[in-house]
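A.B. asks: Take a look at this one; I'll ask things after.
The values are calculated or read from the model by the stated rules, or taken from the named source; none is laboratory data. All values derive from a computational prediction rather than experimental measurement. Note that we place each Cβ from the backbone using ideal geometry, even for glycine, and neighbour counts take in every protein chain shown. Keep in mind that these areas ignore ligands, DNA and RNA; they rest on the heavy atoms of the full protein, side chains included. Shrake-Rupley method; radii C 1.70, N 1.55, O 1.52, S 1.80 Å.
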Amino acid sequence: MEKIKIVFLLSVIILLGAGCGKKEAQVTEEQSVETETQESVTDNEGNSAKSEAEEAVTEKPEQTEEPKESAGAEDSKPEESGSGEKTVTESKAGQETPQESEKQTETPQPQTPQPQTPEPEQPAQAEPVSYSPERVVQLATEKTRAYGKIYIPDDLNQMLAEGTLTQEEYNACYPTDGAGYLEFYVVTDLNEARDVSGTVKFNSEEDIAENIAGMYKALSQQYFYIEYHGTVMYGDKECYVFYCYRA
């Protein structure tokens, strides 16, 4: 029995030892696996770190150049914008509108000289022609007498001679004897002298005298007296004034 027990204990011990050996071997294997995985991870991490480092090395010049390029771009922006505006302005200035291009391409048509119509010649201003108002009075008096009218001074002279009038009365009445009068205007320039209506032109002193005598002929009064009374402006013309008394 004791032998059996010893054998049993030995077998248990052996089994236990074998189990422990397996566990140790298992642990060792697990450790080796972990070590390998760690090494692989380490290798991978190393490789990745290397690749990242290489990439960082290769990318560093790009990163260092980018700020320079951006700074250069920022510096060149105003210049580009200015040059762009200048270019646009120059292009606008250089551009020609279709109308201008058409004007430039159009060939100038030969202009035919227009016949110039001669301007109507203004009649030459005639030199003023003067006449004597005193001569007009003399002629008009003679013509009116010829129409049968009585000259007032002649009538006063006769009454004085007959004693019908005293010298004082004569002096107070002479030459008009209180008769009323009409004013007769005639332009001093014979070229423009016309009658009162403006339709009959006077060509001489005779014409003016005949017109005055014809006026007396048309009146019902029998006594007359014609007197030159100076000049006056009638409108823009200078006129002789004749007082034509009638009674």
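A.B. asks: Using a 1.4 Å probe on the protein heavy atoms only, what accessible surface does GLU192 show? Give it in Å² to the nearest 10.
C.D. replies: 70 Å²
A.B. asks: Can I ask one more? Counting Lys +1, Arg +1, Asp -1, Glu -1, what net charge surrounds TYR181 among other residues with beta carbon under 10 Å of its beta carbon?
C.D. replies: Neighbour charge sum, excluding TYR181 itself: -1.
A.B. asks: When Lys and Arg each count +1 and Asp and Glu each count -1, what net charge do the other residues less than 12 Å away from TYR234, Cβ to Cβ, add up to?
C.D. replies: -2
A.B. asks: Turning to a different aspect of this structure: Once you sort the root eigenvalues of the Cα gyration tensor of segment 139-247 as a ≥ b ≥ c, which label holds: rounded (a/c under 1.5), prolate (a/b larger than b/c) or oblate (the other case)?
C.D. replies: prolate
A.B. asks: Further, regarding this structure: Out of every Cα-Cα pair in segment 106-192, what percent are more than 22 Å apart?
C.D. replies: Tail of the P(r) past 22 Å holds 61 percent of the pairs.
A.B. asks: On a 1.4 Å probe surface of the protein chains, which of VAL196, VAL129, VAL187 comes out largest in accessible area, and what is the full order?
C.D. replies: So the residues, ranked largest to smallest area, are VAL196, VAL129, VAL187.
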